[in-house]
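Take a look at the structure below.
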Amino acid sequence: MMAFGEGDAMNHLPFKNYMEDVVGDMLTRLAAQYPDVCMCDRCRTDMMMIALNNLPPCYVSTHKGNVLKRVEGMEPQCEVEILAETLRAMQIVNGQPHHERNEEGI
């Protein structure tokens with residue numbers, strides 16, 4: 001009998017954190033309402049990381065890179081939490097943008 005973790009490491013369906021898509025979509029929607037907030041790749045990535053680190057993950061199975069299961073009709077409280085954390089991340093990054101810094105933040 002094999003112990004957990006032994007054998008083929010790819011012996012499962014691919015998966016991803018669906019919150020990445022949700023926060024990314026939220027940032028895209030909010031960008032139009034906040035045109036003064038920088039949305040360069042670096043700032044957007046920083047916003048994504050801040051928001052995602054403060055939201056619970058929502059892993060879903062994927063197949064060939066496409067999400068098989070979507071979170072339909074999110075609970076209103078969940079949407080409010082995602083909106084609040086995304087706005088908070090936008091405020092943080094807008095206050096201290098790092099788009100002029102290198103990969104190490106220098």
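Residue count for the stretch 55-79 under the criterion of being at pLDDT 90 or above and surrounded by 15 or more Cβ atoms within 10 Å (Cβ to Cβ): the result is 1. If you go through the stretch 7-44 and pick out every residue that is within 17 Å of the chain's Cα centre (by Cα), closer than 20 Å to Ala84 by Cβ and open to solvent by less than 90 Å² (accessible area, probe 1.4 Å), you end up with 16.
The values are calculated or read from the model by the stated rules, or taken from the named source; none is laboratory data. Only a predicted model underlies this, so the values are computations on that prediction, with no experimental measurement involved. Ideal geometry is used to build each Cβ from the backbone, glycine not excepted, and the neighbour counts take in all protein chains shown. Side chains are part of the model used for accessible areas, which takes the heavy atoms of the whole protein and leaves out ligands, DNA and RNA. Shrake-Rupley method; radii C 1.70, N 1.55, O 1.52, S 1.80 Å.
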